[in-house]
Amino acid sequence: MRSSVYYKFILGYLLFALLCIIFINTWMTKHTTQELIEKQVSVLVTQKEAILSIINSENMDISALTSENFQSLDSISNTSNTNILILSSNYQIYYDSKRAYIGDVLNFYDPFEASNSQYLLNTYYGLEDHDILSVTSRINSFSSPANSSEGFLTLYIDAKDIYKEVNTTIGMYYIMLIATFVFSLVFLIIFTFAVYIPLRKISKASMEYAKGNLKYEGLKKFTSEDEIGNLGVSLSYMASKLDDMEEYQKKFLSNVSHDFRSPLTSIKGYIGAMKDGTIPVEEQSKYLDIVLFETDRLTKLTQNILTLNNWENNAIHLEITEFDLFEMIKPIISSLETKASKKNISIILTPESRNYIVSGDQGKIQQVVYNLIDNAIKFSQSNSVIKLETVSKGEKVFVSVEDSGIGIPKESLDKIWTRFYKTDLSRGKDKTGSGLGLSITKEIIKAHGENINVVSTEGVGTVFTFSLKKIKGKVTI
């Protein structure tokens, strides 16, 4: 049977109740009984001392007690509801306030135990058939020169009254305990709905996610803002991201397969055609150039994948230098002008770019700018403008590349940095791209400790902006 935290909690709750009952039945009962006995003993001792003071004040022996003395003892007994015994030296009962044991002899009487113990709780040497609480004191003989013991004075009450009071007190404790546990059920109900049920939902959702059911929506209705609610929302968010990641993996494999399959198909086709004579010998040079081009594509694609993997496993090695931003960008624009002119696209670099010296790995920053301008050319409309702008803010220089292209869908903005990712809008435009350019770009900027952002509107264009560290006090003229 599967263990449950809730059942463990209930078990603990019941175990606590059992321990409370055991505690009341043992320590509380013993403590209460002892407390009541000591209270009654204190009363009996006070009464005993009062009677002894009367006897001793008159210097009387037991045999000299008169009926008037007995009436006084009867009065004390009736008033305090206490039984009084006077025993002679041979343990014969000389006086009994109950008038039930006069003349009886206590055969097993132990004068040492009776008179030297603070109290006795027993049948008092067989005097009663049930427990009584008694206190005893010696009565000295005044007629004897040695003041020897002439007898014993015993006061006792029925222990049933003490036990009854103990039971009443313990009963009150039980009532309080029951009331406490009834009220604690409110806490149990609150715990059930506020903690256990949400945790059970989270547990069930975790098992569904573990089975691969990342679309499970059992946590969608979490509305509480406490730690458990936040856990449920976070788990649901994590599952949605994992689901997205699964989709990314499918697209990743699809894109990798496509990007490798296309050039391989071309290479195989052209080589096969040349081998079986379909392509004449005089035209083979042209098709060998195509094979070499496709081979270069595969080499570049493989190199980019290896580069990204190496950057993930090891920190990117940067050769930080100070360089002129304008002088770095200018040859990149020149190298891409031919490609841009085929679509009648103009590349404009704002004049402010001449004013900044920045710090970074010049070669890798060149690769970033090249990738961004190359992408802008691919996705820009014909007869448009690509604008490069640099702006200084504080200790940073922000470089932006703005195009008037097809734009990026809003739902794809956080995915464009993923390897091999291509939006549906770009797929028809980007026939030769591998989908790795932006991944490499972001890794380079991240290695510099800087940021790169994108703002895009479908059908209007896209702006990529990244930052670099500016070298203060250094400008080109």
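Any read-out appearing in this document is the output of simple, stated calculations on the displayed coordinates, not a laboratory observation. What you see is a predicted model; the values in this text were computed from it and never measured. When we count neighbours, we look across all protein chains shown, and the Cβ atoms used for this are built from the backbone with ideal geometry, even at glycine.
Quick notes on this structure:
- Legend: P(r) of segment 88-216 from all alpha carbon pair distances, 10 Å bins from 0, whole percents, reading 10, 23, 15, 10, 9, 8, 8, 8, 6, 3, 1.
- Phi angles across segment 5-10 convert, under the Karplus curve 6.51 cos²θ - 1.76 cosθ + 1.60 with θ = phi - 60°, into 3J(HN,Hα) values of 4, 5, 5, 5, 5, 4 Hz, Gly and Pro given as x.
- Difference of contour (0.36 nm per residue) and Cα-Cα distance, Asp131 to Leu242: 32.2 nm
- Other-chain or far-sequence residues with amide H under 5 Å of Gly405's (modelled H): Gln381, Gly461, Thr462
- Projected label points at Gln34 and Tyr13, each 7 Å from Cα along the beta carbon direction, are separated by 3.5 nanometres.
- Remark on Leu436: its backbone amide H falls under 5 Å from those of Phe420, a criterion applied only to residues 5 or more positions apart or on other chains, H modelled at 1.01 Å from N.
- Under the Karplus curve 6.51 cos²θ - 1.76 cosθ + 1.60, θ = phi - 60°, whole-Hz ³J(HN,Hα) for segment 121-131, x wherever Gly or Pro sits: 10, 6, 8, 6, 6, x, 5, 10, 9, 8, 5
- When each of the peptides 115-122, 88-95 is scored by how many other beta carbons lie within 10 Å of its residues on average, the order from highest to lowest is 88-95, 115-122.
- Debye equation applied to the C-alpha atoms of segment 80-125, log10 I(q)/I(0) at 0.14, 0.21, 0.22, 0.32 Å⁻¹: -0.34, -0.78, -0.85, -1.30
- Protection proxy ranking for 282-292, 162-172, using the average of other Cβ atoms within 10 Å per residue and placing the highest first: 162-172, 282-292.
- Placed amide H near Glu458: partners under 5 Å, 5+ positions off or other chain: Ile408
- Potential lengthening between Val45 and Asp414 on full extension [0.36 nm per residue; Cα-Cα distance subtracted]: 123.7 nm
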